[in-house]
1. Tell me which strands (runs of 3 or more DSSP E) are completely within the stretch 16-73 and hold 2 or more residues being closer than 16 Å to F105 by Cα, or say none if there are none.
2. Give me the residue from the stretch 99-117 that is of a type in the set (A, V, I, L, M) and assigned to a loop (DSSP other than H, G, I, E, B) and, out of that set, farthest from G50 (Cα to Cα).
3. Tell me, which residue of the stretch 80-98 that is surrounded by 13 or more Cβ atoms within 10 Å (Cβ to Cβ) and either without any contact (Cβ under 8 Å) to a residue 12 or more places away in the chain or not in a strand (DSSP E or B) (or both) is nearest to the chain's Cα centre (by Cα)?
4. May I ask you to say which residue of I36, I47, I19, I14 is touching a helix residue (DSSP H, G or I) at 6+ places or on another chain (Cβ under 8 Å) and closer than 20 Å to Q80 by Cβ?
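Any read-out appearing in this document is the output of simple, stated calculations on the displayed coordinates, not a laboratory observation. Keep in mind it's a predicted model, so treat the numbers as computed, not measured. Note that we place each Cβ from the backbone using ideal geometry, even for glycine, and neighbour counts take in every protein chain shown.
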Amino acid sequence: GLPPYDDGNIFARILRGEIPSRKVHEDEHALAFHDIAPQAPVHVLVIPKGSYVSVADFSAKASPEEVAGFWRAVGLVARQLGLEDQGFRVLTNMGSDAGQEVPHFHVHIFGGKPLGPMLA
Ligand code: 5GP
């Protein structure tokens with residue numbers, strides 16, 4: 001698993017406005033912003049406003065409203081970025097085997113080109 005939530009992680013700092021980000025969407029439950037090192041023509045991160053380390057933590061602890069609000073934001077962002085027609089990929093890394101770097105739950109949205117097969 002992962003250590004307990006650390007308020008000093010970079011996405012917590014982005015949520016508090018201590019570090020700038022290129023925002024694409026913000027609402028009560030979620031914030032979406034462009035990844036600083038894009039791996040596709042469109043590469044956006046969507047994070048819940050609540051303090052969850054990973055998808056496992058979020059799934060276990062978030063309220064139904066937070067879960068619904070978060071996934072609604074993922075769909076809204078994809079639509080807003082014009083990705084619905086051609087398609088896109090949603091991915092989350094959890095823990096060391098997946099190479100999770102930032103210990104605040106986030107999903108990546110990739111799009112803007114044919115993405116090829118899933119990573120092995
Ligand atoms: P992970 O490996 O945890 O799933 O992905 C973390 C992602 O956060 C990486 O794609 C990385 O480029 C991105 N990232 C790390 N630091 C920052 C930052 O300060 N600002 C933004 N916008 N993205 C970041």
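1. Numbers: elements: 23-26, 30-34, 42-48.
Those strands (runs of 3 or more DSSP E) span 30-34, 42-48.
2. Of the stretch 99-117, the ones of a type in the set (A, V, I, L, M) are 102, 107, 109, 115.
Right, trim to assigned to a loop (DSSP other than H, G, I, E, B) and you get 102, 115.
Working: V102: 15, L115: 30 Å.
The qualifying residue farthest from G50 (Cα to Cα) is L115.
3. T92
4. Values: I36 fails: touching a helix residue (DSSP H, G or I) at 6+ places or on another chain (Cβ under 8 Å); I19 fails: closer than 20 Å to Q80 by Cβ; I14 fails: touching a helix residue (DSSP H, G or I) at 6+ places or on another chain (Cβ under 8 Å).
After applying the criteria, what remains is I47.
Per-residue answers, yes or no, for (1) away from the ligand (no atom under 15 Å from the Cβ); (2) touching a Ser or Thr at 6+ places or on another chain (Cβ under 8 Å):
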{"site": "K61", "(1), (2)": "yes, no"}
{"site": "E65", "(1), (2)": "yes, no"}
{"site": "A73", "(1), (2)": "yes, no"}
{"site": "F88", "(1), (2)": "yes, no"}
{"site": "L91", "(1), (2)": "no, no"}
{"site": "E101", "(1), (2)": "no, no"}
{"site": "V107", "(1), (2)": "no, yes"}
{"site": "G111", "(1), (2)": "no, no"}
{"site": "P114", "(1), (2)": "yes, no"}
